[in-house]
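The structure appears right after this line, and notes come after that.
Every read-out reported here was derived from the displayed coordinates using simple, explicitly stated rules and does not represent laboratory data. Keep in mind that this is a model prediction, so the values were computed, not measured. Cβ coordinates were reconstructed from backbone atoms using ideal geometry, including for glycine residues, and neighbour counts include every protein chain displayed.
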Amino acid sequence: MPEYAAWPRKVFNAANYALLIVLAIMCILPLVQLLAMSLSSNAAVSAGKVTLWPVGFNWESYKFILSKPEFLRSMGVSVKRLALGVVVNMLITILVAYPLSKEASAFKGRAVYVWIFVFTMLFGGGIIPLYMTVRSLGLIDSIWALVLVPAVNVFNIVILLNFFRGLPKELEEAAVVDGAGQWLILWRIYVPLSTPSLATLTLFCLVNHWNSWFDGILFMNSPTHYPLQSYLYTIIVGLDTLVKSNTDVETLKLISDRTARAAQIFLGALPILCVYPFLQRYFTKGIVLGSVKE
């Protein structure tokens, strides 16, 4: 590359790096402030002294939150939802994406099924028909309402079927010659070769299930069945008071509703923050390879 052409490229890269650094800081700072607030004393938070570093450092907010049965119960519901929901999501995604990745000559009617799935991405019946359907199935106040309603994610299916279509056809042809059926080809060839894409989609499912709060409010009649994010919503909008007036004076000096809410929100985000680094290395490769193939 000529030297005169290298400078615009360097300027462009520098501007990109600067923009990404600014965006990263904008995403990280609120979380850091939330953590600092949760580790600060009530007086420091009330006086507005807390910025990015705890003032009057203490763990009382976390001790208080972890002693609350409501928080632990909602955390348990979310963990159960993840255990069921991610497995169901990924199983359906694989089983739908594999046949749709075939050519029309191998799977007659493929185009019809593809358009049916795409149609659901563009148009929906709305909340009331959805609620009526879930109620008619007897799933209200059941964990299965949180698992089955979002079970089919068409966006994930499109990514995975494009990834499958990008795999060498010779592998399948060789397996067929050796006597392998479609079920064996899927689980012994396609799935092992699709680790980057599957890891990326697993991360999507984890985040979607963990962060979802509205369906818990909609389908759960009893607050005891709320997942964590739905419970946190009731806290944030002020439908519940964390620190009661009968709490002892020494505790009230260290914690308040603001510090306790900050602790709960940070604990709610912590599991995804812990999981993401392990799946991040697959993220770019999986999403790119699954989206550019035709």
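Among ALA14, ALA44, ALA106, which residue has its Cα positioned farthest towards the positive end of the charge dipole of segment 1-109, with +1 placed on the Cβ of Lys and Arg, -1 on the Cβ of Asp and Glu, and the dipole taken about the Cα centre?
The listed residue farthest towards the positive side: ALA106.
Determine the calculated [θ] at 222 nm for the chain from helices alone, applying -39500 (n - 2.57) to every DSSP H run no shorter than 4 residues and normalising by the residue count; nearest 500 deg cm²/dmol.
-22500 deg cm²/dmol
Can you give the charge dipole size of segment 69-241 about its Cα centre, rounded to the nearest 20 debye, using +1 on the beta carbon of Lys and Arg and -1 on the beta carbon of Asp and Glu?
Using only the charged Cβ atoms, the result is roughly 180 debye.
How many angstrom lie between the Cα centre of segment 113-164 and the Cα centre of segment 70-112?
When both Cα centres are located, 10 Å separates them.
Could you state the angle between the C-alpha long axis of helix 257-289 and the longest principal axis of the C-alpha atoms of the chain, as a value from 0 to 90 degrees rounded to the nearest 10?
For 257-289 against the chain, the angle is about 20 degrees.
Please order ARG9, ARG258 by the number of other Cβ within 10 Å, starting at the fewest.
Starting with the residue having the fewest Cβ neighbours, the order is ARG9, ARG258.
Among TYR226, THR133, VAL88, pick out the residue whose Cα is farthest towards the positive end of the charge dipole of segment 69-241, where Lys and Arg carry +1 and Asp and Glu carry -1 on C-beta, about the Cα centre.
Farthest towards the positive end: THR133.
Relative to the first principal axis of the alpha-carbon coordinates of the chain, what is the inclination of helix 154-165, with its axis defined by its Cα atoms, in degrees from 0 to 90 and to the nearest 10?
Roughly 40 degrees, rounded to the nearest 10.
Applying the Karplus parametrisation 6.51 cos²θ - 1.76 cosθ + 1.60 with θ = phi - 60° to the phi angles of segment 38-46, what ³J(HN,Hα) value in whole Hz is obtained for each residue in order, glycine and proline being reported as x?
Along segment 38-46, the couplings run 5, 9, 9, 7, 4, 5, 5, 5, 5 Hz.
If neighbour count is taken as other Cβ atoms inside 10 Å, put MET132, MET37 in order from fewest to most.
Fewest-to-most Cβ neighbours within 10 Å comes out as MET132, MET37.
Is segment 69-241 rounded, prolate or oblate when judged by the Cα gyration tensor, a ≥ b ≥ c being the square roots of its eigenvalues, rounded requiring a/c under 1.5 and prolate requiring a/b larger than b/c?
Judged from the Cα gyration tensor, segment 69-241 comes out prolate (a/c at least 1.5, a/b above b/c).
P(r) tail for segment 101-174, what percent of Cα pairs lie past 21 Å?
The answer is 47 percent, as a whole percent.
Arrange the following residues from fewest to most other Cβ atoms within 10 Å of their Cβ: SER41, SER61, SER142, SER74.
Fewest-to-most Cβ neighbours within 10 Å comes out as SER142, SER41, SER74, SER61.
Report, in debye and to the nearest 20, how large the dipole of the chain comes out about its Cα centre when Lys and Arg carry +1 and Asp and Glu carry -1 on their Cβ.
Dipole of the chain, to the nearest 20 debye: 160 debye.
Can you compute log10 of I(q)/I(0) for the chain with the Debye formula, treating each Cα as one identical point scatterer, at q = 0.08, 0.12, 0.13, 0.16 Å⁻¹?
Those come out to -0.52, -0.97, -1.05, -1.26, one per q.
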